[in-house]
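Note sheet for the following structure.
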Protein chains: 2
Amino acid sequence: MPEEKSTALLIGPVSPAAPGPLYQQIVDGFRRAISEGRLEPGLALPSFRALAEELMVSLITVKRAYEELEREGIVYRRQGIGTFVAEQGDAASRDAKLKTATELFAKAAREAAEAGLNTSEIQELASETIRKTLSDQT
Amino acid sequence: MPEEKSTALLIGPVSPAAPGPLYQQIVDGFRRAISEGRLEPGLALPSFRALAEELMVSLITVKRAYEELEREGIVYRRQGIGTFVAEQGDAASRDAKLKTATELFAKAAREAAEAGLNTSEIQELASETIRKTLSDQT
DNA sequence: CAGGTGTATATAAAGATTATATACACCATT
DNA sequence: AATGGTGTATATAATCTTTATATACACCTG
């Protein structure tokens with residue numbers, strides 16, 4: 001039989017002491033592993049119970065993490081079968097981020113409009129802010 | 001003696017049943033009244049106790065509302081004296097909104113960058129989203 | 001039908017938010 | 001300095017949200 005690869009090695013450690021909730025740590029770990037291509041589409045993720053035992057968390061916590069990953073289109077679940085990496089899980093992850101970004105832009109636009117700026121002034125503010133923000137990144 | 005004008009008439013009704021916390025309803029009411037020029041700079045707001053009694057809320061709730069308004073630069077408080085509309089409370093209100101908008105733009109930019117978009121693509125997304133958002137407004 | 005998979009419901013523990021009462025400190029006026 | 005107004009500070013309670021759990025259920029494959 002093939003040697004079982006540790007999931008902890010793949011998605012990193014998970015601990016109540018670490019910042020952020022447990023389920024979020026699991027989500028982040030898989031999201032990164034999948035977006036970096038370390039988990040190929042169609043591959044099965046560990047079962048709820050297997051992962052829960054390995055990470056020393058409850059089954060429900062794993063469920064919640066997988067639900068979040070499915071919500072983002074990164075994996076899909078099949079009752080009685082298992083949970084699998086989606087065909088274009090990396091693209092789905094990207095799309096989710098884009099959607100969030102778009103919503104934030106819209107929200108900012110409405111706020112700026114309330115402050116009394118006209119459309120072109122808002123465009124200018126956005127453009128300038130984007131430029132500054134991205135140049136700050138090291 | 002001059003007739004006392006009801007504050008409730010000025011800032012609108014306040015109720016635990018209404019959406020949002022009580023203190024926020026008070027903040028919104030005064031912010032709007034001031035930004036619309038219905039309360040002139042230098043004018044005294046009702047005292048903590050007077051407003052608390054009229055709105056049937058606790059003194060602490062009024063305090064919290066006034067603190068928020070002061071944080072935004074819309075009013076200022078003087079111990080032993082009272083709370084007053086700031087000289088340019090309307091401008092301060094506007095600036096607060098602009099600051100929020102700028103932060104949202106920055107956050108959106110970072111999110112889009114994480115999704116893999118380059119700077120000009122992000123500029124384009126922002127521009128398009130702003131255009132759409134503002135044209136939706138009736 | 002046996003043994004795996006995911007699912008659903010009810011519950012508990014922890015934390016943040018909201019609202020309160022009570023006692024205190026400051027200021028202007030008398 | 002006494003009085004009666006103003007804002008201030010601390011400790012507390014009630015509520016809601018988030019996070020995590022246990023237990024029992026439903027589905028699928030062999």
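Rule-based calculations on the coordinates, nothing more; no lab input. All of these numbers come straight from a predicted model, not from anything done at the bench. Don't worry about glycine lacking a Cβ; one is built from the backbone with ideal geometry, like all the others, and counts go over all protein chains shown.
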| B:VAL75 long-range amide H proximity, modeled H, under 5 Å | B:GLU70, B:ALA86
| request: With θ set to phi - 60°, apply the Karplus curve 6.51 cos²θ - 1.76 cosθ + 1.60 along region A:28-40 and write out the HN-Hα couplings as whole Hz, x wherever there is a Gly or Pro. | output: 4, x, 5, 4, 5, 4, 6, 5, 8, x, 7, 10, 7
| query | To the nearest 20 debye, what charge dipole does the protein assembly as shown have about its Cα centre, counting +1 at the Cβ of each Lys and Arg and -1 at the Cβ of each Asp and Glu? | reply | 420 debye
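Let me know the charge dipole size of region B:91-136 about its Cα centre in debye, to the nearest 20, where only the beta-carbon of Lys, Arg (+1) and Asp, Glu (-1) is charged. Please report the intermediate quantities before stating the final value.
Working: 7 positive and 8 negative charges, 55 e Å.
Using only the charged Cβ atoms, the result is roughly 260 debye.
In region A:7-44, which trypsin sites (Lys or Arg not before Pro) fall in coil by DSSP and have 13 or fewer other Cβ atoms within 10 Å?
Numbers: sites: A:ARG31, A:ARG32, A:ARG38; in loops: A:ARG38.
In loop regions of region A:7-44 (DSSP not H, G, I, E or B), the sparsely surrounded trypsin sites (Lys or Arg not before Pro) are A:ARG38.
Report the GluC sites (Glu not before Pro) located in region A:31-126 that are in a DSSP loop and have at most 13 other Cβ atoms inside 10 Å of their Cβ, or state none. Working shown, then result.
Details: sites: A:GLU36, A:GLU53, A:GLU54, A:GLU67, A:GLU68, A:GLU70, A:GLU72, A:GLU87, A:GLU103, A:GLU111, A:GLU114, A:GLU121, A:GLU124; in loops: A:GLU36, A:GLU72, A:GLU87.
For GluC sites (Glu not before Pro) across region A:31-126 that sit outside H, G, I, E and B with at most 13 neighbouring Cβ atoms in 10 Å, the list reads A:GLU36, A:GLU87.
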| query | Which whole-Hz couplings ³J(HN,Hα) result when phi for each residue of region A:61-70 is put into the Karplus expression 6.51 cos²θ - 1.76 cosθ + 1.60, θ = phi - 60°, listed in order with x for Gly and Pro? | reply | 5, 5, 4, 4, 4, 5, 4, 5, 5, 5
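Relative to the Cα centre, what is the charge dipole magnitude of region B:7-87, using +1 at the beta carbon of each Lys and Arg, -1 at the beta carbon of each Asp and Glu, and rounding to the nearest 20 debye? Write down the numbers at each step before the final one.
Values: 9 positive and 10 negative charges, 31 e Å.
Using Cβ point charges on Lys, Arg, Asp and Glu, region B:7-87 gives about 140 debye.
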| field | Those aspartates and glutamates that a straight Cα-Cα span of less than 13 Å connects to A:LYS97, excepting residues fewer than 8 apart in one chain | value | A:GLU72, B:GLU111, B:GLU114
| Net +/- balance of residues flanking B:ASN118 in space, Cβ distance below 15 Å, scoring K and R +1, D and E -1 | 0
| query | Each residue of region A:116-128 in order: what ³J(HN,Hα) in whole Hz does its phi give by Karplus 6.51 cos²θ - 1.76 cosθ + 1.60, θ = phi - 60°, with x for Gly and Pro? | reply | x, 6, 8, 4, 5, 5, 5, 4, 5, 4, 4, 4, 5
